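Take a look at the structure set out below.
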Amino acid sequence: MIIYAIVVSTPSHIVSVADLFIAGVIPGLLIGLLLMIYSIITQKKNIYETKIDFSFKQFRSSFKSGILALLLPIIILGGIYAGFFTPTEAAAVAVVYAFVVEVFIHRDLKIKQMPAIFIQSTSMMGTLFLIIVVAISFNQFLALERIPYQAAVWMNEIVNSPLMFLIVVNIFLLILGCFMDIMSAILIVGPLLGPMAIEFGIDPVHFAIIFIVNMEIGYLTPPMGLNLFVASSIFEKKIGYVIKSTLPFTLILLFALILVSYIPAISLFLVEMFR
């Protein structure tokens with residue numbers, strides 16, 4: 001969402017990172033709820049047959065060990081929407097919080113490890129910044145040459161409504177997700193499709209959520225679905241078996257995508273509330 005906001009924003013249309021964060025809450029909960037319902041229904045028999053010994057002592061121990069990690073997103077989002085700090089400042093707050101927790105409380109991280117971590121992080125971020133600079137330059141070039149407007153005019157000749165535009169874009173992004181990871185798609189395609197959506201009267205925050213949900217589905221679609229290969233490796237199953245097993249979940253995600261695409265309130269309800 002941060003990268004999308006950076007590369008898609010133009011002087012006339014600024015996409016707020018804070019708006020994207022809050023807009024993703026209800027779609028995320030919706031997708032999670034649909035997946036949980038399917039899992040419970042299909043595994044109902046196994047749930048009843050599996051006897052799990054529950055103890056409040058174990059619950060308290062697990063809650064105690066995980067509460068500090070669970071507080072991190074609450075601190076970040078709560079601080080942003082309460083006005084204590086901006087999304088940019090939230091990144092610094094998150095780093096300091098994680099450092100204190102891991103070094104002084106959990107003690108999983110040692111001070112002597114920090115130089116190596118700094119070097120690795122700097123190398124990774126340096127590469128990312130180069131990509132972002134090129135992407136922003138490409139975005140400015142598209143804006144100066146009015147390519148998004150011209151593409152919207154061309155699209156308007158074959159598509160005569162926002163509804164049809166979303167259908168075409170969803171199909172395009174689903175196909176794109178089969179061959180391209182989400183970061184590459186955002187950096188290359190985002191600056192073109194974002195302004196086109198605005199030309200068709202689609203809220204830029206709503207379209208951003210549609211774009212991101214589409215590309216997340218790409219992690220489950222062959223031949224380049226990264227999560228398929230990760231699951232195949234972790235659970236030691238053949239890739240064909242994993243693809244077949246994830247099909248019902250992919251269909252559920254497609255259903256959620258339809259809801260998110262054609263019911264803007266799912267994405268914009270909380271945004272409007274906090275504006």
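The values are calculated or read from the model by the stated rules, or taken from the named source; none is laboratory data. Keep in mind that what you see is a predicted model, and the values were worked out from it rather than measured. Because the Cβ atoms are built from the backbone with ideal geometry, glycine has one as well, and the counts that use them run over all protein chains shown.
Can you tell me how many residues in region 204-248 are surrounded by fewer than 17 Cβ atoms within 10 Å (Cβ to Cβ) and closer than 20 Å to residue 272 by Cα?
Count: 0.
List every residue pair whose Cβ atoms lie under 7 Å apart, where the two residues are 6 or more positions apart in sequence or sit on different chains, the first residue falls within region 1-28 and is of a type in the set (S, T, N, Q), and the second residue, located anywhere, is not in a helix (DSSP H, G or I).
9/15
For the condition hydrophobic (A, V, I, L, M, F, W, C), in contact with a helix residue (DSSP H, G or I) (Cβ under 9 Å, 6 or more places away or on another chain) and modelled with pLDDT of 90 or more, what is the one hit in 101, 96?
Working: 96 fails: in contact with a helix residue (DSSP H, G or I) (Cβ under 9 Å, 6 or more places away or on another chain).
Only one candidate qualifies: 101.
Of everything in region 91-136, what is touching a residue at least 12 places away in the same chain (Cβ under 8 Å) and within 30 Å of residue 64 (Cβ to Cβ)? Give them in sequence order.
Across region 91-136, the qualifying residues are 93, 94, 97, 98, 101, 105, 106.
State yes or no: is residue 39 assigned to a loop (DSSP other than H, G, I, E, B) and either free of Cβ contacts under 8 Å to residues at least 60 places away in the same chain or closer than 23 Å to residue 204 by Cα (or both)?
On the way: assigned to a loop (DSSP other than H, G, I, E, B): no; either free of Cβ contacts under 8 Å to residues at least 60 places away in the same chain or closer than 23 Å to residue 204 by Cα (or both): yes.
The answer is no for residue 39.
What number of residues within region 221-259 satisfy the criterion of being assigned to a helix (DSSP H, G or I), modelled with pLDDT under 90, within 16 Å of the chain's Cα centre (by Cα) and closer than 17 Å to residue 35 by Cβ?
Residues flagged as assigned to a helix (DSSP H, G or I), modelled with pLDDT under 90, within 16 Å of the chain's Cα centre (by Cα) and closer than 17 Å to residue 35 by Cβ within region 221-259 amount to 1.
Could you name every one of the helices (runs of 4 or more DSSP H) located completely within region 154-206 that has at least 2 residues being over 21 Å from residue 254 (Cα atoms)? If you could, list the steps in order and put the result at the bottom.
Values: elements: 162-177, 182-188, 190-199.
Once the helices (runs of 4 or more DSSP H) in region 154-206 are filtered for at least 2 residues that are over 21 Å from residue 254 (Cα atoms), what remains is 182-188, 190-199.
Could you check residue 109 against (1) at pLDDT 85 or above; (2) part of a helix (DSSP H, G or I); (3) surrounded by 13 or more Cβ atoms within 10 Å (Cβ to Cβ) and say which number it fails?
Residue 109 satisfies all of (1) at pLDDT 85 or above; (2) part of a helix (DSSP H, G or I); (3) surrounded by 13 or more Cβ atoms within 10 Å (Cβ to Cβ) except (2).
Please tell me if residue 250 is within 18 Å of residue 28 (Cα to Cα) and free of Cβ contacts under 8 Å to residues at least 60 places away in the same chain.
Values: within 18 Å of residue 28 (Cα to Cα): yes; free of Cβ contacts under 8 Å to residues at least 60 places away in the same chain: yes.
Judged against the criteria, residue 250 is a match.
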